[in-house]
Amino acid sequence: MNPLVDPVSVSHYLAVGAVLFVLGVICMATKRNALGVLMGIELVLNGANINFVAFGSKFLRNDTLGLDGELMALFVIVLAAAEAAVALAIALNFYNNHATIDVDHADELKG
């Protein structure tokens, strides 16, 4: 069989999901900007979504488990939207107080 014309299998989706997850973790660990950290979190969540959909595919479906990957991915998308809204509000408030969104300046608390 020619690997260039083989159908896309579940392992391909899992590999893409793993790459997105690792890139998101690297982005969260290396970025000093709060928006860069938020983008890393979104990459991690998107990698998890791809894995949920891959595990819920017809090739791995086991009716005894009752797992539906698309439904789980939908919940993660809703969670990501709420997280982005709250995190951007925190970033804007932090920028108003400190004139920067560098996460290294977030070590002081005001009471």
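Numbers for the structure displayed
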quantity: Qualifying position, being in contact (Cβ under 8 Å) with a residue 24 or more places away in the chain, in a helix (DSSP H, G or I) and open to solvent by less than 60 Å² (accessible area, probe 1.4 Å), among Gly40, Gly36, Gly17; calculated: Gly17
quantity: Complete set of residues in region 89-105 that are open to solvent by less than 90 Å² (accessible area, probe 1.4 Å) and of a type in the set (Phe, Trp, Tyr); calculated: Phe94
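Rundown of residues vs (1) under 18 Å from Leu79 (Cα atoms); (2) open to solvent by 80 Å² or more (accessible area, probe 1.4 Å), yes/no style:
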{"position": "Val10", "(1), (2)": "no, no"}
{"position": "Phe21", "(1), (2)": "yes, yes"}
{"position": "Ile26", "(1), (2)": "no, yes"}
{"position": "Asn46", "(1), (2)": "yes, no"}
{"position": "Ile50", "(1), (2)": "yes, no"}
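The values are calculated or read from the model by the stated rules, or taken from the named source; none is laboratory data. From a predicted model like this one, the values you see are computed outputs, not experimental measurements. Backbone-built Cβ (ideal geometry, glycine too); neighbour counts: all protein chains shown. Remember, those area values only see protein heavy atoms, side chains included, never the ligands or the DNA or RNA. Shrake-Rupley method; radii C 1.70, N 1.55, O 1.52, S 1.80 Å.
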